[in-house]
């Protein structure tokens, strides 16, 4: 009996030690540590579709945080609304040795509405938990379950959701009844799906990832779908907030959106219709007619987001927008369509993934409802398709900027969905051109005028400043120009909102001690306004391609009137660089008492090989050196 008791005792000790040490940070393979801020020790995601309005989403996740870069991966964020409820949240925290130090439950989570700052109605709420551990590494284990009352938009699986995360083990199981059919797309997955059929024909789609190294965070990295792993799921049939539907491809999905979400919502009052006809009377060019209607819409409405139930996908009827004078992107596009319809101008409601930092395309070979976050308008004039963003009261007709330019989207037409490509603002379109006349005195002080034109996506460059008070405008401009002791004497803006819009900045200024004067010499930087002030960091053994999101051209022409009795001592500044991804040229010349400085910088957008990155770093270093090279004036 004593022997048996001893065996039981030792067995319990072994089990306890095993449970305690399984989260010991020291047991992580050294192969997984490079570039990792966090390591997913184990993740089990199980999705079970019980019915079209009943889905269980169960997650158990254990993450070891190695340093402060991994803290965000330990934060648990749960979204919920009337379509999604939270069930059974619990968790534990362990120290570096795998010893439990704390536990938490749903009561320890903080609440926050999913308020984006402009939503009038938003039923999304957020519950989140942020561990505050004093030492690294630490491990957090969390288990929770969500209940979805819809099947229209099913969560993607992203085993490595971002750079800096390594994976020991992660699995995803999607289980459904025989009559619930799905399509799936594997992106950068190391292994393919395993499909099994159990009792009563229950199907399970399974994916698993083991020992996946972290991808290091690199400057100028491409769109995430190019290098991170994910699985996307789309149902053949679905239900959301009582509305049902089905689709197999983009044509089906666009047709469903048009028939179920848009049809019957593009009618305005007879009074508004009559006014629109009067407003456009005498305008024969359909594009100019549409421009007039678009500007009417801008003057009459304001943007307010609506994110409640099916309203997160369906626009308010045009008549309601006409009456209330507000709407979200969906409602304002739908309203503009209704106004255009009055004068027999066809237009299309378009879903797009909007983003200033990256151009994210709809997947051409995989239709799903969750690939867009914004709605814009397409007006298919013959040989002159025009695109409009209806959410701003300020942007010009036909201008979409870098928020939605140059990407594939879904147009929802009466005939069905069609993938289209928004226009691209080229490196030559995105032009900042500047002319300045500056007087330099013997003490190094400057005074003068400078006019700058902003075109293409740069048209919006000064929008924030324009919206500010005169005092705040001056503060902002002083922070944007690299001019010591800058004093703004006059600042004005004009905006040409024609079909090729231009913002122009008119600046009258002065600055004492811009140049350094001593021993009958004056040292100053001739690049008054445009300078490269930093160089991309070095990256050894780069993994991802080099991605430049948006091209730009910056051209400065500055004429300095030199102080009497001084001449240029240093050699003329003359640097020329030409690379596949950009070019740079700067010259100076003297004409009598004038020093004429010309600088042209061009960065060309696109995907380039990873080997190009070092060339890009060297290019920026050379430009930085040229921009920070002083000229010296000497007294005769």
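The values are calculated or read from the model by the stated rules, or taken from the named source; none is laboratory data. The structure presented is a predicted model; accordingly, all values stated were derived computationally and were not measured. We place every Cβ from the backbone using ideal geometry, glycine too, and count neighbours over all the protein chains shown.
Would you check if there is a residue in region 302-312 being more than 24 Å from residue 152 (Cα to Cα) and either assigned to a loop (DSSP other than H, G, I, E, B) or at pLDDT 95 or above (or both)?
There is at least one residue in region 302-312 that is more than 24 Å from residue 152 (Cα to Cα) and either assigned to a loop (DSSP other than H, G, I, E, B) or at pLDDT 95 or above (or both).
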(Q) Checking the structure you have, find out if any residue of region 184-194 is in contact with a strand residue (DSSP E or B) (Cβ under 6 Å, 6 or more places away or on another chain), over 20 Å from residue 364 (Cβ atoms) and assigned by TED's automatic domain parsing to the domain that holds residue 28. (A) yes
Q: Determine, yes or no, whether residue 608 is touching a strand residue (DSSP E or B) at 6+ places or on another chain (Cβ under 9 Å) and closer than 30 Å to residue 407 by Cα.
A: yes
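To keep it simple, each residue is scored yes or no on (1) assigned by TED's automatic domain parsing to the domain that holds residue 218; (2) free of Cβ contacts under 8 Å to residues at least 12 places away in the same chain; (3) surrounded by 16 or more Cβ atoms within 10 Å (Cβ to Cβ).
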residue	(1), (2), (3)
545	no, no, yes
548	no, no, yes
551	no, no, yes
557	no, no, no
565	no, no, no
571	no, yes, no
583	no, no, yes
586	no, no, yes
Q: Could you tell me whether any residue of region 552-565 is assigned to a strand (DSSP E or B), farther than 29 Å from residue 427 by Cβ and in contact with a strand residue (DSSP E or B) (Cβ under 8 Å, 6 or more places away or on another chain)?
A: yes
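For every residue, the table says whether it meets (1) assigned by TED's automatic domain parsing to the domain that holds residue 366; (2) under 24 Å from residue 291 (Cβ atoms); (3) not in a loop (DSSP other than H, G, I, E, B).
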{"site": "392", "(1), (2), (3)": "yes, yes, no"}
{"site": "398", "(1), (2), (3)": "yes, yes, no"}
{"site": "402", "(1), (2), (3)": "yes, yes, yes"}
{"site": "436", "(1), (2), (3)": "no, no, yes"}
{"site": "442", "(1), (2), (3)": "no, no, no"}
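This table checks each residue for (1) modelled with pLDDT of 95 or more; (2) within 30 Å of residue 302 (Cα to Cα); (3) part of a strand (DSSP E or B).
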position: 42; (1), (2), (3): yes, no, yes
position: 45; (1), (2), (3): yes, no, yes
position: 56; (1), (2), (3): yes, no, yes
position: 60; (1), (2), (3): yes, no, yes
position: 71; (1), (2), (3): no, no, no
position: 112; (1), (2), (3): no, yes, yes
position: 120; (1), (2), (3): no, yes, yes
position: 140; (1), (2), (3): yes, no, yes
Q: Would you mind telling me which numbered condition in (1) over 30 Å from residue 150 (Cβ atoms); (2) at pLDDT below 95 residue 124 fails?
A: (1)
Q) Within region 485-528, which residues are out of contact with any strand residue (DSSP E or B) (no Cβ under 6 Å at 6 or more places or on another chain), free of Cβ contacts under 8 Å to residues at least 40 places away in the same chain and outside any strand (DSSP E or B)? A) 519
Q: Output the residue which, of all residues in region 329-357 that are in a loop (DSSP other than H, G, I, E, B) and crowded, with 16+ Cβ neighbours inside 10 Å, is nearest to the chain's Cα centre (by Cα).
A: 355
Q | Tabulated pairs, region 452-470, first free of Cβ contacts under 8 Å to residues at least 12 places away in the same chain, second in a helix (DSSP H, G or I), C-beta under 8 angstrom, 6+ apart or interchain | A | 468/476
Q) Could you count how many residues in region 156-179 are touching a residue at least 12 places away in the same chain (Cβ under 8 Å) and either surrounded by fewer than 18 Cβ atoms within 10 Å (Cβ to Cβ) or outside the structural domain of residue 61 (by TED's automatic domain parsing) (or both)? A) 7
Q: Please give the number of the condition residue 373 fails out of (1) over 25 Å from residue 424 (Cβ atoms); (2) within 26 Å of the chain's Cα centre (by Cα); (3) modelled with pLDDT under 95.
A: (1)
